[in-house]
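One structure is given here, and the rest of the page talks about it.
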Amino acid sequence: MFFYASKIIWFFLQPSAASVFLIVAGFLFLKLNRPKLGKFCVNSGVIALLLIAFSPLGRQLMIPLEDRFPLITINQLEGEKVDGIIVLGGTIHMYVSDQRGVPSIVSGAERIIEAVKLAHKFPKARIVLAGGPNTVLANPTADATIVKQLMVDMKVDPARIEVEGKSRNTYQNALFAKKMSQPKKGENWLLVTSAYHMPRAVGCFRNVGFNVKAYPVDYYTGGEKSRFSPFYYALDGVTITDTAAKEWLGLLVYWATGRSSSFFPENR
């Protein structure tokens, strides 16, 4: 129920969609002879869309998320013992993958690329792919199953890859990945996911008692130096603003519902 509610509610709350709904509502009020309210809604919606698309708002929201956990390069892990690598889902376009019969990546390809690099760097490490179907209207092949196919195509031994294909949100990723991996005290497990998603992911893993080392990838911004840079393409601003806003709301909801160890987990 939590999965379906979150998808439906976010459809209406995401900044870009909310702005469009506000404009539509404004035209309806104009039709209903409510000119003041109608003009207010239309103007507010248009201004909001312009801010989302072209102002630095999206970067302001995204940079704190991406910088919460430090960037780690694979060379910085030289000499470390890595017992396991957990890769979170959310990268696969499931409908297209099922219909075409070949893997289709919709976003976050760096999660898979870095996971493959880590797998080759640490040949004894276990690999756990966490991610089930993330769609509302159908039940396609699990995200993790498709990612496994991609990793095998990139010369990762399939015998090393463990697929957790039932989780449908970040909390379930953590809960089911822990049950599958059964981490032992003193083991070093890397968590691979997008940098903006790392705070919520780490919060969930800590909440279920699974200590992991953050390995953030898939950056949307250039960090502090890009904080006030405008967007050249309107779609870039919309994408980053919607993504960051969703993550901040997710942090709040997960903390309020006891799914995360804290509102904004920090590196420690």
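For the reader, a short list of remarks on this structure follows.
- Condition check for GLN76: surrounded by fewer than 17 Cβ atoms within 10 Å (Cβ to Cβ) and closer than 30 Å to GLU164 by Cα: yes
- Strands (runs of 3 or more DSSP E) (entirely within segment 126-228) containing at least 2 residues that are among the charged types (D, E, K, R): 161-164
- Answer residue from segment 86-135, given it is touching a helix residue (DSSP H, G or I) at 6+ places or on another chain (Cβ under 8 Å) and among the hydroxyl-bearing types (Ser, Thr, Tyr) and is surrounded by the most Cβ atoms within 10 Å (Cβ to Cβ) among those: THR91
- Test: residue in segment 95-104 that is within 28 Å of ILE9 (Cα to Cα) and part of a loop (DSSP other than H, G, I, E, B): yes
- Residue in segment 258-268 that is surrounded by 15 or more Cβ atoms within 10 Å (Cβ to Cβ), modelled with pLDDT of 95 or more, part of a loop (DSSP other than H, G, I, E, B) and of a type in the set (Gly, Ala, Ser) present: yes
- Filtering segment 6-18 for residues that are buried (at least 16 other Cβ atoms within 10 Å of the Cβ) and free of Cβ contacts under 8 Å to residues at least 40 places away in the same chain leaves a non-empty set.
- Within segment 56-71, if we keep just the residues that are part of a loop (DSSP other than H, G, I, E, B) and modelled with pLDDT of 95 or more, the residue that is surrounded by the most Cβ atoms within 10 Å (Cβ to Cβ) turns out to be PHE69.
The values are calculated or read from the model by the stated rules, or taken from the named source; none is laboratory data. Predicted model only: the values in this text are computed from it and were never measured. We place every Cβ from the backbone using ideal geometry, glycine too, and count neighbours over all the protein chains shown.
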